[in-house]
Amino acid sequence: NAGVTQTPKFQVLKTGQSMTLQCAQDMNHNSMYWYRQDPGMGLRLIYYSASEGTTDKGEVPNGYNVSRLNKREFSLRLESAAPSQTSVYFCASSRTGTVREKLFFGSGTQLSVL
Amino acid sequence: AQSVTQLDSQVPVFEEAPVELRCNYSSSVSVYLFWYVQYPNQGLQLLLKYLSGSTLVESINGFEAEFNKSQTSFHLRKPSVHISDTAEYFCAVTSPGGATNKLIFGTGTLLAVQP
């Protein structure tokens with residue numbers, strides 16, 4: 001089973017460039033999430049989608065946009081990348097949005113903004 | 001607001017030795033508590049969770065954690081570690097009935113098991 005698949009695994013951008021991180025899950029999960037992981041700060045939620053057709057801001061949404069393309073796919077877009085967005089990005093999904101359901105994570109995208 | 005503290009950023013330990021990874025949370029209300037593990041170059045995986053009932057919860061690979069309400073702690077322990085346990089461990093907290101988007105993660109503890 002593929003689980004949660006993220007692409008690309010690595011990316012280097014120049015300040016001001018744009019890019020989209022792709023995420024797809026094959027578990028028929030309703031809820032999907034984008035986190036960023038920074039040293040000494042743990043994981044912080046950027047955006048989430050409780051169900052197909054809905055998206056909401058998390059703790060650190062500034063500089064990002066998301067699209068829940070369908071039930072399987074949830075993309076994260078950086079319109080104008082900044083060095084502060086250098087981070088490791090994780091997509092995750094869960095069967096529902098209730099906290100009793102465990103999160104399934106992708107293997108991450110390491111993004112460097114120069 | 002809830003928060004979770006993992007005081008140790010790194011814990012070095014020799015193989016077959018016991019280990020304890022500390023996690024404290026700040027909340028005056030009921031909580032759900034989780035430990036997630038991140039192996040090198042992988043995403044996080046749920047290790048164990050406390051929702052209610054027995055305060056001692058166990059994972060399939062020998063880890064256990066005890067919910068201690070009076071000390072607001074949820075420390076993770078293993079009596080004998082293996083090289084394969086080398087990973088970063090994240091404690092997380094949220095309120096019962098809350099949504100997953102309200103899950104608060106700690107800053108992580110890197111468990112480095114040495115031969």
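The values are calculated or read from the model by the stated rules, or taken from the named source; none is laboratory data. Bear in mind the structure is a predicted one, so any value in this text is a computation, not a measurement. Virtual Cβ from ideal backbone geometry, glycine too; neighbours counted across all protein chains shown.
If I filter region A:67-81 for residues that are within 26 Å of residue B:37 (Cβ to Cβ), part of a strand (DSSP E or B) and in contact with a Gly (Cβ under 9 Å, 6 or more places away or on another chain), do I get at least one hit?
Within region A:67-81 (the criterion being within 26 Å of residue B:37 (Cβ to Cβ), part of a strand (DSSP E or B) and in contact with a Gly (Cβ under 9 Å, 6 or more places away or on another chain)), the answer is no, since none of the residues qualifies.
How about region A:49-64: which of its residues are in contact (Cβ under 8 Å) with a residue 24 or more places away in the chain and assigned to a strand (DSSP E or B)?
A:49, A:64
Collect the residues in region A:75-114 that are charged (D, E, K, R), more than 7 Å from chain B (Cβ to nearest Cβ) and farther than 13 Å from residue A:18 by Cα, keeping them in residue-number order.
A:95
Any idea which of B:105, B:67 is at the interface with another protein chain (Cβ under 9 Å from one of its Cβ atoms), of a type in the set (A, V, I, L, M, F, W, C) and in contact with a strand residue (DSSP E or B) (Cβ under 6 Å, 6 or more places away or on another chain)?
B:105
Of all residues in region A:31-42 being at pLDDT 90 or above, over 15 Å from residue A:101 (Cβ atoms) and at the interface with another protein chain (Cβ under 9 Å from one of its Cβ atoms), which is farthest from the chain's Cα centre (by Cα)?
It comes out as A:37.
Considering region B:21-62 alone, what residues qualify as being of a type in the set (Lys, Arg) and touching a residue at least 40 places away in the same chain (Cβ under 8 Å)?
B:22
Among the residues of region A:49-62, is any surrounded by 21 or more Cβ atoms within 10 Å (Cβ to Cβ), away from every other protein chain (no Cβ under 11 Å), closer than 20 Å to residue A:31 by Cβ and of a type outside the set (Ser, Thr, Tyr)?
No, there is no match, as no residue in region A:49-62 is surrounded by 21 or more Cβ atoms within 10 Å (Cβ to Cβ), away from every other protein chain (no Cβ under 11 Å), closer than 20 Å to residue A:31 by Cβ and of a type outside the set (Ser, Thr, Tyr).
Residue-by-condition table, conditions (1) more than 14 Å from the chain's Cα centre (by Cα); (2) surrounded by fewer than 17 Cβ atoms within 10 Å (Cβ to Cβ):
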position	(1), (2)
B:4	no, no
B:13	yes, no
B:17	yes, yes
B:20	no, yes
B:37	no, no
B:53	yes, yes
B:66	no, yes
B:83	yes, yes
B:89	no, no
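Taking region B:22-35, which residues are exposed (fewer than 14 other Cβ atoms within 10 Å of the Cβ) and touching a strand residue (DSSP E or B) at 6+ places or on another chain (Cβ under 7 Å)?
B:26 - this is the single residue of region B:22-35 that is exposed (fewer than 14 other Cβ atoms within 10 Å of the Cβ) and touching a strand residue (DSSP E or B) at 6+ places or on another chain (Cβ under 7 Å).
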